[in-house]
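Report on the following structure.
The values are calculated or read from the model by the stated rules, or taken from the named source; none is laboratory data. Every value quoted in this text rests on a predicted model; they were computed, and no experiment measured them. So basically every Cβ, Gly included, is an ideal-geometry build from the backbone, and we count neighbours across all protein chains shown. Please note that ligands, DNA and RNA were not included when accessible areas were found on the heavy atoms of the full protein model with its side chains. Shrake-Rupley method; radii C 1.70, N 1.55, O 1.52, S 1.80 Å.
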Amino acid sequence: MPTAFITGATAGIGAAFARRLASDGFDLVLLARDTERLERAAAGLRERYGVRAETLTADLATEAGLAAAEERVRKDVDLLVNNAGFGHHGVFLDVPVADEITMLRVHCEAVLRLTHAALPGMLERGRGGVVNVASVAAFATRGTYGASKAWVVNFSQGVAADIRRRSRGRVRVMALCPGYTHTEFHQRANMDMSGLPEFMWLRDTDVVDAALRDLRRGTQVSVPGAQYKAIVGLSRLVPRGLVARLSSDTGRHYD
């Protein structure tokens, strides 16, 4: 069976990836910080789908956690999903700089290092894929969060171009850019999302379906949902200053 390695695997989009890939017959390696929740999730996947579900408790904001993840990713991983991430409670200057650096480490350094660890084995075997979860915030102006996700998009596109000839299209790297998705992400960041209209929300299962479909097609940047495809397309036509004014406050109301 192929093996998928998923970071941030116990909730939201990461958990949806785990369920979908297990149903498709993938064995799983699940990474998260909460050991109890991780073991509970793995046990449920084993029981429901009959797959192997290995766990790795690690904090990707630490050197020890990153090194442990790198070591495991180098072994027989066919699909890497770099999903771990979080939002801050507050805007730049209201957030301690140490917390901002932690975000950059999880969103950028971990993505870089795990992608770098996974690709040599995939290229040697002649198959594999990497999905780096970014956000439509990458195309807006959203402080450190949006900047880090913009880095993920550009990094993923660059790496995809770098390996295209070497892999003959059999190893793919893609940035996944969902919009607002029904997960616990916003609750954990203490964001008040009550004013966001329902049509702007995505389901995590739909995000994963779109991601895997686009990965098979060789898409380098996947934007699930017609509404978000339109928003991203429009953002490329609108002056950057106006994009900044429109996006800076959207969905950023904190409890």
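Quick notes on this structure:
- Here the label points at LEU123 and ALA98, each 7 Å from Cα along the C-beta direction, are separated by 3.9 nm in the simple model.
- Cα shape, segment 89-178, gyration tensor, a/c 1.5 rule: prolate
- Calculated [θ] (222 nm, deg cm²/dmol) that DSSP helices of n ≥ 4 give over the chain, each run adding -39,500 (n - 2.57): -15000 deg cm²/dmol
- Spin-label pair ARG74/PHE86, simplified geometry with 7 Å Cα→Cβ offset, distance in nm: 2.8 nm
- Dipole magnitude (debye, nearest 20) for segment 1-123, charges at Cβ of Lys, Arg, Asp, Glu: 400 debye
- Dipole of the chain, positive direction: furthest Cα of PHE86, ALA226, GLY65, with charges on the beta-carbon: ALA226
- Reciprocal of mean inverse Cα separation for segment 72-126 (Kirkwood radius, Å): 12.9 Å
- Carbon + sulfur, % of accessible area of segment 92-167 - ligands and nucleic acids excluded, 1.4 Å: 58 percent
- For THR102, solvent-accessible area (1.4 Å; no DNA, RNA or ligand), Å²: 50 Å²
- Of the residues LYS75, LYS149, ranked by 1.4 Å probe accessible area with the largest first, the sequence reads LYS75, LYS149.
- The fraction of accessible area contributed by carbon and sulfur in segment 1-75 is 47 percent, rounded to a whole number (1.4 Å probe; ligands and nucleic acids excluded).
- Normalised per residue, the accessible area of the chain is 48 Å², obtained with a 1.4 Å probe and no contribution from ligands, DNA or RNA.
- Beta bridges by DSSP in segment 1-137, antiparallel share as percent, to the nearest 5: 0 percent
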